[in-house]
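This report refers to the structure that appears directly beneath it.
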Amino acid sequence: MKLVCKLCNLDVSKQVIELQDLKLLNKTDGQDLMPESFYIVANDEYFAPRDKGCFIINSKDVINSNFHSDQGRLNGCCGYDGCDGMNRVCLNNHEIGTECSDCWMSHFVAFNPESVRLV
Ligand SMILES: [Zn+2]
């Protein structure tokens, strides 16, 4: 499986498969939440309500993506806190998701299900 931008059909992730064993999630602040090459659909147990239904992957599996041109979306301490709306766009500048990579959170990228689809 992979994620593609709904507007331009550009691949925005490498090949990923659904992570079945949620014990493999690493909730340590400052470290990657997801093992590479996997995705999960965000649920209430592990994610904030704003992420519900999002596709969650490791940032190393993101491709064909830039950061948002609006600096106001790119706040954070030493990474990106993702608290100001989607901060990731595809190469055609379509908003696709939110990278959370600040020091006080576990790191992941949440793709908005209205912006990307799994194929
Ligand atoms: Zn796009």
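The values are calculated or read from the model by the stated rules, or taken from the named source; none is laboratory data. Predicted model only: the values in this text are computed from it and were never measured. Note that we place each Cβ from the backbone using ideal geometry, even for glycine, and neighbour counts take in every protein chain shown. Each accessible area value is taken on the protein alone, full model and side chains, heavy atoms only, with ligands, DNA and RNA left out. Shrake-Rupley method; radii C 1.70, N 1.55, O 1.52, S 1.80 Å.
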key: Residues (open to solvent by less than 60 Å² (accessible area, probe 1.4 Å), closer than 15 Å to residue 54 by Cα, out of contact with any Lys or Arg (no Cβ under 9 Å at 6 or more places or on another chain) and not in a loop (DSSP other than H, G, I, E, B)) located in region 1-38   = 38
message = Return the residues of region 109-119 that are within 12 Å of the chain's Cα centre (by Cα), of a type in the set (A, V, I, L, M, F, W, C) and either open to solvent by 40 Å² or more (accessible area, probe 1.4 Å) or within 12 Å of the ligand (Cβ to nearest atom) (or both); say none if nothing qualifies.
response = 111, 116
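Tell me, yes or no, whether region 58-68 has at least one residue that is more than 16 Å from the ligand (Cβ to nearest atom) and in contact with a helix residue (DSSP H, G or I) (Cβ under 9 Å, 6 or more places away or on another chain).
Of the residues in region 58-68, the ones more than 16 Å from the ligand (Cβ to nearest atom) are 58-61.
From what's left, in contact with a helix residue (DSSP H, G or I) (Cβ under 9 Å, 6 or more places away or on another chain): none.
The answer is no, given that none of the residues of region 58-68 is more than 16 Å from the ligand (Cβ to nearest atom) and in contact with a helix residue (DSSP H, G or I) (Cβ under 9 Å, 6 or more places away or on another chain).
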Extreme residue, most open to solvent (accessible area, probe 1.4 Å), among residues of region 70-98 that are in contact with a Lys or Arg (Cβ under 6 Å, 6 or more places away or on another chain) and away from the ligand (no atom under 16 Å from the Cβ) = 84
task = Check residue 56 against each of (1) over 13 Å from residue 107 (Cβ atoms); (2) in a strand (DSSP E or B) and name the one condition it does not meet.
result = (1)
ask   = Pairs under 7 Å by beta carbon, first residue within 11 Å of the ligand (Cβ to nearest atom) in region 1-17, partner part of a strand (DSSP E or B) and open to solvent by 90 Å² or more (accessible area, probe 1.4 Å), six or more apart or different chains?
value = 4/117; 6/117
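Given the structure, is residue 106 over 27 Å from residue 8 (Cβ atoms) and either within 16 Å of the ligand (Cβ to nearest atom) or in contact (Cβ under 8 Å) with a residue 12 or more places away in the chain (or both)? Before the answer, list the steps.
Working: over 27 Å from residue 8 (Cβ atoms): yes; either within 16 Å of the ligand (Cβ to nearest atom) or in contact (Cβ under 8 Å) with a residue 12 or more places away in the chain (or both): yes.
Spelling it out, residue 106 is indeed over 27 Å from residue 8 (Cβ atoms) and either within 16 Å of the ligand (Cβ to nearest atom) or in contact (Cβ under 8 Å) with a residue 12 or more places away in the chain (or both).
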